[in-house]
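Bear in mind these aren't lab numbers, they're just calculated from the coordinates by the rules spelled out. Here the structure is a predicted model, which means the values were calculated and not measured. Cβ placement follows ideal geometry from the backbone for every residue including glycine, while neighbour counts extend to all protein chains displayed.
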Amino acid sequence: MTAASTATGTETEFAAALSALTVRLGFGEVRNLRHLSGGASKQTWAFDAGTASLVLRRDSGTAIIVPELAEISTSIPLETEARLMILAGRADVPSPEVIRVLEPQDGLGVGFVMRHVGGEALGGRIVRNSAFASAREQLAFQCGEILARIHAISLPDTAMLTLRSPKEIIDTWRAVHEVEHWPRPVFDLAFQWLGERTPDVGVPMLVHGDFRNGNLLVGPDGVTAVLDWELAYIGDPMQDLGWLCTNSWRFGAVDKPVGGFGTREQLFAGYESGGGAPVDPERVRFWEIFGSLRWGVMCTMSTVKFRELRADGNVEINVDLPMIARRASETELDLVNLLRETV
Amino acid sequence: MQDTPAAIDVLDTVIGHLRNRLLPTLEGRAVFEMRVTLSALELVRREFTLKPASDAAELGRLGALLGSSGDLESLNSALCLGITSGEMDVSTPGLLDHLYRTALEKLAVDQPNYGAYKLATGNPAIHNKD
């Protein structure tokens, strides 16, 4: 919950620098500048310039408040995100056109400018609104095709992203879980179960890392853009399929395992039709269980942040922080249900 | 002894006031923020009313499962140690059942609208807000 921005001195400078950039790029001056969202580390701004609707994503430069979490951060730099979106667009993955990767002389920090793409991002609306009824029919198949295309992308520079094995990923998230210092037997049991069953990956591929309902723009005909590449890495492509099936991203439509809008059969058929290798449902299930655990641990990161802010005393805390923290129990129920099915 | 009205009754009055009197007067972002605030107050209310019984039930189950006594935090830590040491796993009799009940007790406070909770408790599916 970010408070509406006020026109501070720095913000006036920011708007002026942005306008100078869009004029240089031939679009004209910035109008109708809106702060869309501000996470802890990234900001998104929407604006018009000439006849174009554009979006700026940039680092907010905010210090990370929990040093223990900073060390295990897995986010990639925004320039890399922009490069991946360009590669994805060329591979027929619906992607916003990247207009400019920011340079130091732009005076806008680190980030990039892209063209605005129409579509709904809110998962709950995609799952329920009648406007998306026909999109829902084909969305799971379409996601399968898109994922196959993403996984087939070969990077011009392998150093762009980190190679991570399933075991490294499990170990990283176990370390994040331990930062909470709070007994969570369900998480320990899930880590144990997953740790004993890490899959053989075969050929590691480009993994989007956060491909789920909520990070896709959807229009009446389906996906209009794939967003949020910040967790991309090289590894097991089946993680993307499992994460898309994770119950936390079904927005209440628990009977539709793929994003709350489709079936696994549709997803797997789309994946194979898009050129992907035949899907092993067990491996997808492994990553679905990991997906619930990962989101659960992410919720506990909010608990840790909340504690730090409380200890600080004078900081105003957004009420959604403790509420996200209290969502860890949702994943505990999901994990117990998933583990019961394996016994 | 504290006086009446009891804290829980004051809280109910506050929740009713915010929802029925203030919420309808708000616009834009403030509507969303008030809804989150109301959800938080309702969580506090549920914890007030449900925690004593669920804590007692959890303590009883943990005692039986571990064959020892202690407070909730130490017994839960002992359970975690049993799992991380490899002594216990998904096949340990009673473990998944205990964890299932505990998860339901937590969700009864944290998020009774969660889809999987409704399925488990047999409540008709009412979809969450966006």
What's the angle, to the nearest 10 degrees (0 to 90), between helix B:72-84's Cα axis and the longest principal axis of chain B? 60
Rounding to the nearest 10 and keeping the result within 0 to 90°, find how far the Cα-based axis of helix B:7-17 lies from the longest principal axis of chain B. 50
If one puts a single equal scatterer on every Cα of the range B:7-121 and applies the Debye formula without solvent, what log₁₀ I(q)/I(0) results at q = 0.12, 0.16, 0.18, 0.20 Å⁻¹? -0.60, -0.85, -0.96, -1.08
Rh (Kirkwood; distinct C-alpha pairs) - the range A:284-343, Å: 12.6
Those trypsin sites (Lys or Arg not before Pro) in the range B:44-95 that DSSP places in a loop and that have at most 16 other beta carbons within 10 Å: none
Counting Lys +1, Arg +1, Asp -1, Glu -1, what net charge surrounds residue B:81 among other residues with beta carbon under 14 Å of its beta carbon? -4
Could you tell me the largest-minus-smallest coordinate of the C-alpha atoms of the range A:218-343 on each of the three principal axes, in descending order and whole angstroms? 55, 40, 30
Taking N as the residue count of chain A, its alpha carbon Rg divided by 2.2 N^0.38 Å gives 1.01
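Within the set of other residues whose C-beta is less than 12 Å from the C-beta of residue A:233, count the net charge using Lys and Arg as +1 and Asp and Glu as -1.
Cβ neighbours under 12 Å give a net charge of -4.
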Longest chain B segment clear of GluC sites (Glu not before Pro) sitting in DSSP loops (not H, G, I, E or B) with at most 10 other Cβ atoms within 10 Å runs B:28-86
So if I take the centroid of the Cα atoms in the range A:183-209 and the same for the range A:104-121, what is the distance between those two points in Å? 34
